[in-house]
Amino acid sequence: MLRPKSTSLLIASLLAACGGGGGGDTVGMCPPSATSAPMAGDPAPKEVSENIGQPGDPAAYADRDSVAPGERIGFHVAVIGDDPANVWFEFSRLGSSWQQDGWNLANVAARSVPDNGWEDCCNWPETVSFQIPENWKSGLYRASFSTADGINEVYFVVRAKNPGSGSKIVVSVPMTTAQAYNAWGGKSVYEYNSSSDTKAEKLSMSRPFAGNSRDKYTAWMPKFIEWAQAQNEGEGIDLEFIANTDLHHQPGILEPYDLFVTVGHDEYWSAEMRQELERHLEAGGNAAFFSGNNMWWKIRFEDPSAGLPRGRMLVDKSNDPVRAENTPELHQGNWFMTDPEVKLFGAGYARGGWREDFIGGDVPDFIVKRPGHWAFAGTGLAKDAGFGAGDEIISFESDGADFTWGPGGVPVPTTTDGAPAGLEILATAQLQLGDGWSNYLDEAGIPEVDGRRRVGKSDYTGVPGAWTTMVAYEHSGGGEVFNAATVDWVFALFACGGATPAVECRITKNVIDRLKTSQKGAPAPAPEPGPAPAPEPGPAPAPEPGPAPAPEPGPAPAPAPEPGPAPAPEPGPAPKPDPEPGPAPAPTPAPSPADC
């Protein structure tokens with residue numbers, strides 16, 4: 001769901017040094033220079049009308065969202081305008097200081113963009129391919145391409161070589177949400193940054209990124225990674241990563257993991273992606289959502305084709321209630337109209353809302369309602385205590401569950417929104433409609449039934465208004481789910497150091513520590529033992545005649561030796577910390593007659 005970004009989110013995206021996009025061709029490649037090729041300063045943000053970049057800017061995209069060590073990833077690179085140029089190419093890993101020495105791509109071709117570049121672009125030949133070294137850690141990586149005029153970045157995931165061997169926690173990176181907001185070529189799936197104010201229904205996944213759409217990678221994920229690395233007295237919490245499109249294309253990818261995690265903004269899900277998460281939960285896996293606006297739009301994918309190695313993403317956004325009710329399999333609008341996402345997440349965007357006024361709009365606290373819940377252990381928070389407003393964790397988009405007020409002012413889920421049985425609402429934040437906030441129920445176009453707007457398969461019958469609700473529940477498959485239910489949760493993780501860390505830091509640690517191990521794959525419990533069967537009656541054995549003979553005398557057993565100190569272990573080398581990857585071999589240029 002598009003809403004204006006908060007000031008802090010906008011600053012974070014601008015600090016990511018993003019540029020426009022554009023062209024690519026087969027090129028020659030020179031060895032790394034002794035000094036880096038000229039790097040432009042942070043490029044000015046592009047306007048909507050300039051979302052393919054300025055003349056001389058580089059543009060690039062990859063042929064896949066994720067890759068494992070030992071596999072190759074191909075990059076398609078070009079220069080905007082009429083003149084070819086050299087492009088400097090290097091890697092970094094988000095959430096760390098690691099950076100790979102770069103290479104110069106010589107004489108990269110200039111290319112134009114078709115009129116419908118958002119859908120058909122780019123069909124560029126592969127410029128350079130790169131084999132991921134075996135020692136690269138699983139994580140979110142950035143390939144930066146720069147000329148003297150600008151920078152363009154490609155984000156991709158390195159999966160684990162042996163999934164689940166380094167960590168049972170897997171973080172899903174929201175590639176689909178980033179592409180939905182990406183207006184490179186002229187359109188996104190939002191009117192506000194689309195040409196002629198007309199959104200697209202099909203987007204090429206094989207195109208560069210423009211403007212602030214890459215904040216889906218840079219605004220939240222790096223801070224969560226940095227937080228994880230700082231835990232356990234600096235030993236860190238190990239994480240493995242996948243692209244969320246892997247949920248669609250690789251059924252079973254969650255089988256090795258106990259805990260599935262999302263961070264930030266994870267809005268666009270296909271039916272296949274949802275099915276993979278459902279299989280994980282039904283098998284006893286756990287889930288932690290430090291995110292909001294989750295699973296709001298239902299999407300589909302077209303298969304890859306010539307020139308489009310990642311195919312297209314289809315986003316209809318049609319909320320025809322007749323089709324939704326009579327033929328839900330054809331519905332491609334909001335998930336809640338046919339199969340509420342609240343069933344999995346425990347909270348949904350239809351009851352939540354977005355902050356429209358980032359200057360004067362209210363930034364609420366979470367108000368604790370179940371202080372005895374394990375998520376609050378060690379925080380010192382009492383019932384009705386507030387937290388979060390100072391860190392602006394509810395300042396963009398967030399989700400809520402339908403509820404009524406029970407005895408003692410404790411919210412009781414109504415489940416009219418599809419929420420699972422046993423859902424607990426741990427904390428609430430009221431989003432003051434008209435005080436800088438709005439929600440889906442306020443929007444025009446939702447049909448009314450008997451004078452009320454229809455939401456999901458039933459009407460919300462609880463407290464009116466918009467709410468953010470932090471929730472948790474035990475899934476019927478045996479695992480547990482926690483949902484912070486707000487996009488900006490990790491903004492509090494900037495304040496985890498020092499004498500008074502934010503309570504969100506402790507809550508996040510509580511969640512990870514509890515859910516990192518699940519019942520997934522555990523054998524079924526043995527049946528309770530019943531009473532032993534009575535023995536079959538039989539004749540008693542005849543007694544032996546006469547007394548038993550006395551035993552032969554023998555020497556007394558030797559006394560047990562006095563315990564002494566255990567022998568000292570042989571000294572050995574201390575374990576070594578996991579080193580940062582060393583220099584990678586040079587990437588392979590596509591066949592070309594060009595020389596350096």
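Mind checking the per residue accessible area of segment 188-238 for me, 1.4 Å probe, whole number of Å²?
It amounts to 38 Å² per residue over segment 188-238.
Kindly write out, for segment 108-114 in residue order, the coupling ³J(HN,Hα) from the Karplus curve 6.51 cos²θ - 1.76 cosθ + 1.60 (θ = phi - 60°), rounded to whole Hz, with x marking Gly and Pro.
Each residue of segment 108-114 in turn: 5, 5, 8, 9, 9, 10, x Hz.
Would you mind checking Lys137/Lys369; Lys137/Lys298; Lys161/Lys187; Lys187/Lys343; Lys137/Lys520; Lys137/Lys202 for any pair whose Cα atoms are more than 28 angstrom apart?
Lys137/Lys369; Lys137/Lys298; Lys161/Lys187; Lys187/Lys343; Lys137/Lys202
May I ask you to list the chymotrypsin sites (Phe, Trp or Tyr not before Pro) in segment 72-130 that are in a DSSP loop and have at most 16 other Cβ atoms within 10 Å of their Cβ?
Filter output for segment 72-130: Trp98.
Residue by residue through segment 133-146, what is 3J(HN,Hα) from phi via Karplus (6.51 cos²θ - 1.76 cosθ + 1.60, θ = phi - 60°)? Round to whole Hz and write x for glycine and proline.
Each residue of segment 133-146 in turn: x, 4, 9, 6, 6, 5, x, 9, 10, 10, 9, 9, 10, 9 Hz.
Given a Förster radius of 30 Å and the C-beta distance between Asp435 and Glu329 as r, what FRET efficiency does 1/(1 + (r/R0)^6) yield to the nearest 0.05?
0.15
Let a ≥ b ≥ c be the square roots of the eigenvalues of the Cα gyration tensor of segment 211-263; is it rounded (a/c under 1.5), or, if not, prolate (a/b larger than b/c) or oblate? If you can, show how the numbers build up before the last one.
Details: a/c = 3.68, a/b = 1.13, b/c = 3.25.
Here segment 211-263 falls in the oblate category.
Summing +1 for each Lys or Arg and -1 for each Asp or Glu, what net charge is found among the other residues whose Cβ lies under 14 Å from the Cβ of Pro163?
-2
Suppose we keep just the DSSP beta bridges with both residues in segment 142-300; what percent of those would be antiparallel, to 5? List each step's numbers first, then the result.
Numbers: 5 of 23 bridges.
About 20 percent, rounded to the nearest 5.
Find the Rg to Rh ratio for segment 270-359, where Rh is the Kirkwood radius over alpha-carbon pairs and Rg uses the same atoms.
Ratio of gyration radius to Kirkwood radius for segment 270-359: 1.02.
Please identify every one of the trypsin sites (Lys or Arg not before Pro) in segment 66-172 that sits in a loop by DSSP and has no more than 10 other beta carbons within 10 Å of its own beta carbon.
The qualifying sites: there are none.
Could you pull out every residue, at least 5 positions away or on a different chain, whose amide H is within less than 5 Å of the one on Ala427? Hs are placed 1.01 Å off N in the peptide plane, and Pro or chain starts have none.
Close amide H contacts, sequence-distant or interchain: Lys369, Met470.
For segment 364-406, rounded, prolate or oblate, judged on the Cα gyration tensor with a ≥ b ≥ c (square roots of eigenvalues), a/c < 1.5 rounded, else prolate if a/b > b/c?
Cα axes put segment 364-406 in the oblate bin.
Using bins 10 angstrom wide from zero, how does P(r) for segment 161-261 break down, in % of all Cα pairs?
14, 35, 29, 17, 5, 0
Using a simple spin-label model with points 7 Å from Cα along the Cα→Cβ vector, what separation in nm is obtained for Asp197 and Thr517?
Taking the simple label geometry, Asp197 and Thr517 are separated by 5.8 nm.
Could you do me a favour and compute the accessible area per residue for segment 296-360, 1.4 Å probe, result in Å²? All intermediate terms of the calculation are to be shown ahead of the outcome.
Details: 2400 Å² over 65 residues.
Heavy-atom accessible area per residue stands at 37 Å².
For all pairs of alpha-carbon atoms in segment 95-158, what percent lies in each bin of width 10 Å, listed from the first bin to the last filled one?
For segment 95-158, the pair-distance distribution reads 13, 45, 31, 11, 0.
Please work out how much length the chain gains when fully extended from Ala495 to Thr404, using 0.36 nm per residue of separation minus the C-alpha to C-alpha distance, in nm with one decimal.
Length gained between Ala495 and Thr404: 29.4 nm.
Hey, can you find the accessible area per residue of segment 362-440 for me, probe 1.4 Å, expressed in square angstrom?
Values: 2670 Å² over 79 residues.
For segment 362-440, the per-residue accessible area is 34 Å².
Give me D for segment 46-143 in µm² s⁻¹, whole number, from Stokes-Einstein with Rh from the Kirkwood sum over alpha-carbon pairs, 4 °C and 1.567 mPa s.
87
Cα centroids of segment 319-383 and segment 211-243: how far apart, whole angstrom?
One Cα centre to the other: 23 Å.
Calculate the spin-label point distance for Gln231 paired with Glu255, positioning each point 7 Å from the Cα along the beta-carbon direction, and give it in nanometres.
2.7
Under 5 Å between amide hydrogens, which residues at least 5 positions from Gly81 or on another chain qualify, with H placed 1.01 Å from N in the peptide plane?
Under 5 Å from the amide H of Gly81: Gly56, Arg111.
Quick query: amide H of Phe403 versus all other amide H atoms, modeled in the peptide plane; which residues come in under 5 Å with a sequence gap of 5 or more or a different chain?
Residues meeting the amide H criterion: Thr414, Gly462, Val463.
By its C-alpha gyration tensor, with a ≥ b ≥ c as the square roots of the eigenvalues, how is segment 319-359 shaped: rounded for a/c under 1.5, else prolate for a/b larger than b/c, else oblate? The partial results should precede the final answer.
On the way: a/c = 4.00, a/b = 1.82, b/c = 2.20.
Note, shape of segment 319-359 comes out oblate.
The values are calculated or read from the model by the stated rules, or taken from the named source; none is laboratory data. A quick note: this is a predicted structure, and the numbers were derived from the prediction, not measured. Cβ coordinates were reconstructed from backbone atoms using ideal geometry, including for glycine residues, and neighbour counts include every protein chain displayed. Calculation scope for accessible area: heavy atoms of the full protein, side chains included, ligands and nucleic acids excluded. Shrake-Rupley method; radii C 1.70, N 1.55, O 1.52, S 1.80 Å.
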